[in-house]
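Below is one structure, written out as structure tokens; comments come after it.
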Amino acid sequence: MNRVVITGMGIVSPIGNTPAAVKAALVEGKSGIQAMPDWAQYSGLRSLIAGPVEGLEPRDIPRAWRRTMGRVSLLAAFAARDAVGDSRLDAAAIGSDRTGVAMGSTTGSAAALERFFGDFCVRRSITGQEGTTFMKVASHTVMANVAAMLGVKGRGLAPCTACASSAQAIGDGFEIIRHGLQDIMICGGAEELHMTTAAVFDVVSAASRRYNDTPHLSPRPFDRGRDGLVVGEGAAAVVLEEYRHAVGRGAPIYGEVRGYATCCDAYHITQPSSDGMRRCMQEAARSAGLAPTDLDYLNAHATGTEMGDAAEAEALRAFVGDAVPVSGTKGYTGHTLAACGAMEVIFCLLMMRDGFVAPTLNLTDVAPECGGLRHVQQLVHCSPRLIMTSNFAFGGVNASLVLAKA
């Protein structure tokens, strides 16, 4: 089996659009959650806060590629471009049939869908619709647009499993390289912010509603005062590379992917299963050849929902008890859905590289049902060398990755 290392990373997020800005926010405890006053126009929507991405100039992506991109693909394009640049890959390597791409999203561009159906339902006509609409709303829009822009000719995968999408994309890339099918995989995911996303969670009583006037205080993962998740947007991408290939070209190595697992709950389409979460984490540790207590840090999914956090805490207690530090990072960014897995991998790489563990933001009073764990509530300066990061999606899809320090 080949070793798989990470040689590049790119991110756009509610807390910054470079690894340096993101690290600063994690260390300083800076929230990217804001009030969304425009959402008040939608009757019945009670969650009016979110984590938007700011500071991007769309025209930095050439129009030849941008014209088929909705916002979700545009965010992915920025992250993938930066990851490839960070890895110092040249055009020949990117265009080789030994380089592939795996990038996911929950859906295509929600804003493009709204424009199309809003106009169609009023006029009952397709006259005047843009010919590029399909590539903006297709479920594989992120992968297809990124591959075309970068000139990737190898394998192309587009996981579409909500919160597990980009974790699965990285896991797929890991397994493809591990088995010698590609030398390089550009992996990640993206999500764009739209009120319909908040509405989906609001309808099922899973969105935060009590903190509209104090957005920085929500979400509150594992906290007694949590009242639901906060939606966010962003994109993240990492370059995975076969170890000898990376060393041979003198690439920077940020870490190694040591293990991966994904599984289904077969329990309920929206309710979380602590058993499925536990099985996934155990299999990922087994894949890496580790015992759970070998890990130095666990990055939890930790969305801030009543049921999700309680089920995850139960799974973590069964998996490792209070032996390993645990924190979640969605208090900083909100829940970025298909982007969260890759974003949290980058958060973990920064913690390993720079010697710290970020606390769970807004965790001031651990809920009884979330107790029995070694919660990180203040910034810790340490040197984590083995980290597991997990994501658990609607539909009962679980994914866990094990990362090792370079």
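Taking the DSSP beta bridges with both ends in the chain, the antiparallel portion is around 70 percent. Mean sequence separation of contacting Cα pairs (under 8 Å, at least six apart), scaled by the length of segment 260-405, corresponds to a relative contact order of 36 percent.
Between ALA93, ALA284, ALA64, the GNM of the chain built on Cα springs shorter than 10 angstrom shows ALA64 fluctuating the most. Summing charges over all other residues whose Cβ lies under 13 Å from the Cβ of GLY259, with Lys and Arg as +1 and Asp and Glu as -1, gives 0.
Database remark: amide H of VAL324 closer than 5 angstrom to the amide H of ARG374 (H placed geometrically; neighbours at sequence offset of 5 or more, or on other chains; Pro and chain starts carry no H).
The aspartates and glutamates within cross-link reach of LYS405, meaning a Cα-to-Cα straight distance under 12 Å and a gap of 8 or more places when in the same chain, are GLU256, ASP296, ASP354. Among the trypsin sites (Lys or Arg not before Pro) in segment 196-276, those placed in a DSSP loop whose Cβ has at most 14 other Cβ atoms within 10 Å are ARG224, ARG249.
First select every other residue whose beta carbon is under 11 angstrom from the beta carbon of THR68; then total the charges, Lys and Arg +1, Asp and Glu -1. So the surrounding residues net to +3. When each of ILE170, ILE253, ILE177 is scored by the number of other beta-carbon atoms lying within 10 Å, the sequence from fewest to most is ILE253, ILE177, ILE170.
Exposure proxy ranking for VAL397, VAL27, based on other Cβ atoms within 10 angstrom of each Cβ and starting from the fewest, stands as VAL27, VAL397. Using just the helices of the chain, give the 222 nm mean residue ellipticity in deg cm²/dmol: DSSP H runs with n ≥ 4 each add -39,500 (n - 2.57), and the total is spread over all residues, rounded to 500. One gets -10000 deg cm²/dmol as the mean residue ellipticity at 222 nm. Taking each residue as 0.36 nm, the span from ARG249 to ALA64 lengthens on full extension beyond its C-alpha to C-alpha distance by 63.5 nm. Normalised by the number of residues in the chain, the average gap of Cα pairs under 8 Å and 6 or more apart makes the relative contact order 23 percent.
Residues with beta-carbon under 14 Å from that of ARG317, excluding ARG317: net charge, scoring Lys, Arg +1 and Asp, Glu -1? Counting the neighbours of ARG317, the net charge comes to -4.
Placing a label point 7 Å from the Cα of ARG3 along the Cα-to-Cβ direction, the residues of segment 230-273 whose backbone N falls under 13 Å of that point are 241-248, 253-258. Residues considered: ALA102, ALA285, ALA236. Largest GNM mean-square fluctuation over the chain, using C-alpha springs under 10 Å, is found at ALA285.
Read the figures in this text as sums done on the coordinates, not as results from a lab. These numbers come from a predicted model, not from an experiment. Here Cβ is always computed from backbone atoms with ideal geometry, including for glycine, and neighbour counts include all displayed protein chains.
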